[in-house]
Every structure is written in structure tokens, then in C-alpha cells.
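Comments concern the structure below.
Values quoted throughout were computed directly from the atomic coordinates according to the rules given, and no laboratory measurement underlies them. Since the structure is predicted, the reported quantities are computational estimates derived from the model, not experimental observations. Virtual Cβ from ideal backbone geometry, glycine too; neighbours counted across all protein chains shown.
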Amino acid sequence: VSTQSTGIRNSKVHRHSQLVMLIKQFDEVKRTDINLLLYIADNLAHMSYQILEEPLFVIHHLSLLISTSGTTYLEQAKDALYGRDMAETMQDEDDEDVDEIDQVEDLPKLTEVLVACQSCTLLILLKKHLMAQYNITDKRCHEFSPLEATKVYDKQISRHTQTAYDPSPVLSAIQQLTLDVDYESEEFEKSALQFYKEFRDLMTQQDLSEFRCSDSDGGGEAEKSGVKYYEKRKELPQKPKRKPRVSKTPSKLGDKRRRVSTKGGGGASASKKKKVKRRRYVVNSDSDVSDPGAQDSDSDYDGT
């Protein structure tokens with residue numbers, strides 16, 4: 001992936017389309033295999049970003065996806081944890097105390113959601129990694145807009161730290177939630193509750209208020225209609241297409257031919273030239289010029 005990014009670095013449009021295509025694989029609708037997501041996240045973390053706009057573009061789209069997918073996973077987890085009726089009455093995470101829960105309403109469903117939400121956890125860890133690597137603040141992330149053309153984000157950047165991207169929390173959660181599953185075990189239930197609490201705390205730490213209604217989304221209409229930012233493209237005015245030029249020479253020749261045929265009356269007879277009968281004159285010995293129409297005798301012709 002890094003090699004492909006280097007090959008299209010000169011084209012900003014192609015670079016953005018490739019990055020968006022990779023980030024879209026983390027959408028909860030796609031249900032991409034977690035091993036592929038780990039590979040994509042590792043490439044995005046260690047890609048050779050050269051200007052400030054590149055990591056900011058990635059962080060911007062990560063935040064948009066975290067705000068949508070993360071919220072969906074939290075709602076699904078609450079439904080499995082408390083039941084749909086009770087989950088709808090809980091408006092704030094501060095009113096929720098996981099330690100006081102005696103029994104999970106639907107433990108198999110909660111386990112399934114916790115495994116699926118690890119894709120969102122990868123995005124949160126990737127966002128933190130990029131911000132630490134390139135010393136990017138939350139304020140700069142909120143001020144950045146991919147549709148804003150400014151030279152401020154074109155300055156060269158370098159890594160401030162050389163720490164590697166560490167997805168170990170995701171690997172640990174998947175291992176404990178998929179291996180040796182025992183829904184009747186009290187220890188397994190406590191482990192699931194602990195993973196839910198960690199994911200909820202990660203989402204609470206994210207300041208995503210600016211990304212829920214992005215200016216580049218066209219206000220709140222995009223959020224109401226359920227259209228995600230990376231799927232909504234800005235419609236740019238297109239230049240009117242020029243009509244192909246038609247050579248005028250054939251038409252002029254055609255007009256001339258038509259005019260000639262019209263004057264001639266048309267048909268094969270019009271093309272024939274009128275023959276002009278020429279008179280022949282013979283020089284005789286007796287006269288300088290004689291008319292061939294007159295009857296000349298053979299005796300008078302001396303061969304000259």
C-alpha cells in the first residue's frame with residue numbers, strides 16, 4: 001500500500017481516493033475480516049506522509065467513521081446489555097454503572113457486538129498514533145477541512161516519535177471473546193462487561209462533536225439522511241463540452257457540385273459538351289484558300 005501511495009503522490013485526487021477506499025473497509029456495514037483490517041491499519045500508520053495535509057486527511061475521515069460506527073456499536077451493545085426498552089431510557093453514559101449490573105440481558109449478542117466493534121477500536125488507536133507521530137493537536141484536527149484549499153497544510157512534516165503502531169488491545173480482546181467462549185461462566189460475563197466498559201470509555205474520550213455535522217457534509221441534512229461524508233462527493237461545476245469541429249470543405253464542394261448540376265439541367269446530357277463543327281481549309285495551287293465545302297476535282301489537286 002505504501003508503494004502504491006508513493007506512485008500516485010503527485011496526484012492529490014488519486015491519493016485521496018485510495019485513502020478513502022482503505023478507510024471505508026472499517027465501516028460496520030462491510031463486516032471486513034479483522035485480519036485484513038489489522039493489515040490496513042498497520043499500513044496507514046506507517047505510511048510515509050510528507051506534507052501536513054496527508055495525515056490530517058486520514059485523521060479527519062477516521063473521526064467521521066468513528067462518530068458513526070462507534071455510536072452504532074454503543075447502541076447495539078446497550079441493547080444487548082440492558083434490553084431495548086431500558087437502553088432507550090438511558091440518555092447519558094454518566095448514569096450507567098457497569099459494576100452494578102447483575103446479569104447481562106443477552107450475552108451472546110453482546111459478545112458479537114464487542115468482537116465487531118474492535119474495528120472501531122483500531123481506528124481510535126490509529127488516530128491517536130498519527131496525532132502523536134506528527135504532533136497534531138485536537139484543535140488543528142477540528143479546523144481542518146478537506147475541501148478547503150490552503151497552502152498552510154502543504155508544508156513538509158516529519159515524525160516526532162518512532163514508536164510503532166500497537167494494536168495489542170484489539171488482539172487481546174478478540175482472543176478472549178472468541179476462544180473458550182462459555183456463556184454460562186461468570187468469569188466470561190465479567191470479561192465481556194470489562195471490554196464493553198473500555199470501549200465506552202474510548203468513545204467518551206473522543207471529541208467528535210465537530211465531526212457529527214461537518215461543514216463539508218452540507219450541514220445537518222447529510223447526517224439526517226444517513227449519508228456518510230466519505231460517500232458524499234462535492235458536485236463541482238463541469239465545463240460545457242465543446243462540439244466537435246466539422247470541416248467546411250466537403251460541404252462547400254458539395255454545394256458547388258449541386259449548383260453546377262442545377263445549372264446544367266441534370267442528367268448525362270448536361271455533362272456532355274456541345275461539339276463545335278470546325279471548317280477545314282485546304283491550300284491549293286490556284287487559290288490561296290479554298291472552301292472544303294466546294295467540290296474539288298482530282299485534276300486540280302497537285303498534292304500540296
### Task
State the number of lysine pairs found in the range 50-198 whose Cα atoms come within less than 24 Å, restricting to pairs 8 or more positions apart or on distinct chains.
14
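Loop-only check: which chymotrypsin sites (Phe, Trp or Tyr not before Pro) in the range 164-194 are DSSP coil with at most 15 other Cβ within 10 angstrom? Kindly include the intermediate steps, with their values, before the conclusion.
Numbers: sites: Tyr165, Tyr183, Phe188; in loops: Tyr165, Tyr183.
Of the chymotrypsin sites (Phe, Trp or Tyr not before Pro), the ones in loops of the range 164-194 whose Cβ has at most 15 other Cβ atoms within 10 Å are Tyr183.
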### Query
Between Gln205 and Glu148, what is the spin-label point distance in nm, taking each point 7 Å from the Cα along the Cα→C-beta axis?
2.7
## Note on the structure
Taking max minus min of the Cα coordinates of the range 72-202 on each principal axis, largest first, gives extents in Å of 57, 33, 22
### Hz values of 3J(HN,Hα) by residue in the range 194-202 - Karplus curve (6.51, -1.76, 1.60), Gly and Pro given as x
5, 5, 5, 5, 5, 5, 5, 5, 4
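May I ask you to derive the relative contact order of the range 73-206, considering only C-alpha pairs under 8 Å and at least 6 residues apart, and to give it as an integer percent?
Details: 83 pairs, mean separation 41.1, N = 134.
It comes to 31 percent, rounded to a whole number.
Using DSSP to call loops (not H, G, I, E or B), can you name the trypsin sites (Lys or Arg not before Pro) in the range 150-202 whose Cβ has at most 10 other Cβ atoms within 10 angstrom? Don't skip to the answer; put the middle values down first.
Values: sites: Lys151, Lys155, Arg159, Lys190, Lys197, Arg200; in loops: Lys155, Arg159.
Those satisfying the criteria are Lys155.
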### Task
Tell me the label-point distance for the pair Asp106, Gln194, using the 7 Å Cα-to-Cβ offset, in nm and rounded to one decimal.
2.6
### Summary
Here the convex hull volume per residue of the range 132-197, taken over Cα atoms and given in Å³, is 145
